[in-house]
Amino acid sequence: MTREETLLRFLRSALWGKPEQLTGREMTQNQFQSLMQLAQQQTVTGLVGQALMDSGLRLPRPAAAELYALTSSIRQRNEVMNETVVKLCKEMERRGIRIMVFKGQTLAPLYPTPLLRQSGDIDFICHPDDWNRAEHYFREELKLEIEDNTTEKDIEFTMEGVQYEMHRMLTIFANPHHRHYWEEVVMPEIWETAGFIEINGTKVPTLSPMYNAIYVFIHIFHHLISEGVGLRQFCDWAMCVERLEVKGEGKEVLEKHLEGIGLRKAFTGMGAILTDYLGLKAEDLPFSITEEDHRRAPLLLQNIWEMGNFGKNVKYSQARGVRHGLEHLVRIYQQARQFSYYAPAEAWWYIPYMFRWWGKKIRRMVGLG
């Protein structure tokens, strides 16, 4: 069994709460290091680590100690992030500023062991009517250093050691028709149907289950085309889809929205990763996966292994700068060409969209804009 197959085996165990029964078997230190290196590249260290401990597999003492320290650190980080999210929501509610927190800590409760999903930054979207007051609070009252991105999607800042992204928009589509449909049709429904998820006894406003599943997939697809995407994102999507109950009219709404943003075929086709490798039951997907989708799944999985989470496995000749931007554009073209099958109208539009994005950024670098 390869280390990739081993990782998937333990990952399935963690996702569905079904520990492997490996009592009496052993793993060497080298095997452990290799497995955990791969898990780190895919940002699933906590999930794989816990499944490894639950299996009863015998580990060398250094590996066991490292695994305990690693999972403990991830748990502690999640506890801090949970408290941070709760604090943010209470402050925004006190000020009458409407927000929805998404990704990150709002997805963790969907897992059998929430504290073992590795945390990142905190993403939240602010209602358009409340944006100016929210920005004034963070920029003027708290005197935070705000980083304005080269798109209109969000602003970033760090507060008490935690990275935040405050979104004006959940996402931006490259194809103008998809973008118009998303902003004019989907986003009003997202605000109207906003739900809550409980974190530390507090109701945190977030996307409803259906829009959560749609958004998490959009996030996956755009990162796949832009730079590559890892298994952690597919695990998040699997957790959303497994709890997604859409039948009749609900299924029709889901399909209509996916058609409107050009991702209906991609939602089903890339869902083969969830069923073929991550253990999601085929009946939990709203639509049937085709034989062609199953056939293409190994190529997509290979790209996931090669790129790592958000493409961090691929090295550039420069960490930033003009050359980095040009190399990134080449990479986007390669990814779009390889995976345009899933959503050609969005994938091919992504190339000129990112060309314009890098053009703005490079102009700033050289002092022309």
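Bear in mind that the values in this text are calculations on the coordinates, not laboratory data. Values in this document were obtained by computation on a predicted structure and should not be read as measured data. As a convention, Cβ positions derive from the backbone with ideal geometry for all residues, glycine included, and neighbour counts pool all protein chains shown.
What to note about this one:
- Evaluated at q = 0.06 Å⁻¹, the base-10 log of the normalised Debye intensity for the chain, with identical point scatterers placed on the Cα atoms, takes the values -0.23.
- The value of relative contact order for the chain, using C-alpha pairs under 8 Å at least six residues apart, is 15 percent.
- The chain - mean residue ellipticity at 222 nm from DSSP helices (-39,500 (n - 2.57) per run, n ≥ 4, rounded to 500): -17000 deg cm²/dmol
- Ile199 long-range amide H proximity, modeled H, under 5 Å: Val204
- In this label model, Gln302 and Phe196 are separated by 4.9 nm, measuring between points 7 Å along each Cα→Cβ vector.
- Length released on extending from Gln21 to Thr290, taking residue separation times 0.36 nm less the Cα-Cα span: 93.5 nm
- As a calculated quantity, the FRET efficiency between Met169 and Glu5 at R0 = 30 Å, using C-beta atoms, amounts to about 0.15.
- Estimated inter-spin distance, Phe355 and Met159, nm [label 7 Å along Cα→Cβ]: 4.0 nm
- A Gaussian network model of the chain, with springs between Cα atoms under 10 Å, assigns the largest mean-square fluctuation among Asp154, Asp130, Asp54 to Asp130.
- Rounded to whole Å, sorted largest first: equivalent-ellipsoid semi-axes of region 190-337, Cα gyration tensor: 29, 20, 15
- Taking Cβ atoms as reference points and 11 Å as the exclusive limit, the residues near Pro344 contribute a net charge of +1, counting Lys and Arg as +1 and Asp and Glu as -1.
- Segment Phe310..Leu142, full-extension length gain: 57.4 nm, with 0.36 nm per residue of separation and the alpha-carbon distance subtracted.
- Full extension of the chain between Lys90 and Glu189 gives 33.2 nm of extra length, using 0.36 nm per residue less the Cα-Cα distance.
- Label-point separation, Asn30 to Glu252 (7 Å along Cα→Cβ), nm: 6.1 nm
- Note on the chain: GNM, Cα springs under 10 Å; of Gln42, Gln105, Gln31, the largest mean-square fluctuation is that of Gln31.
- Per residue, the Cα convex hull of region 1-59 amounts to 69 Å³.
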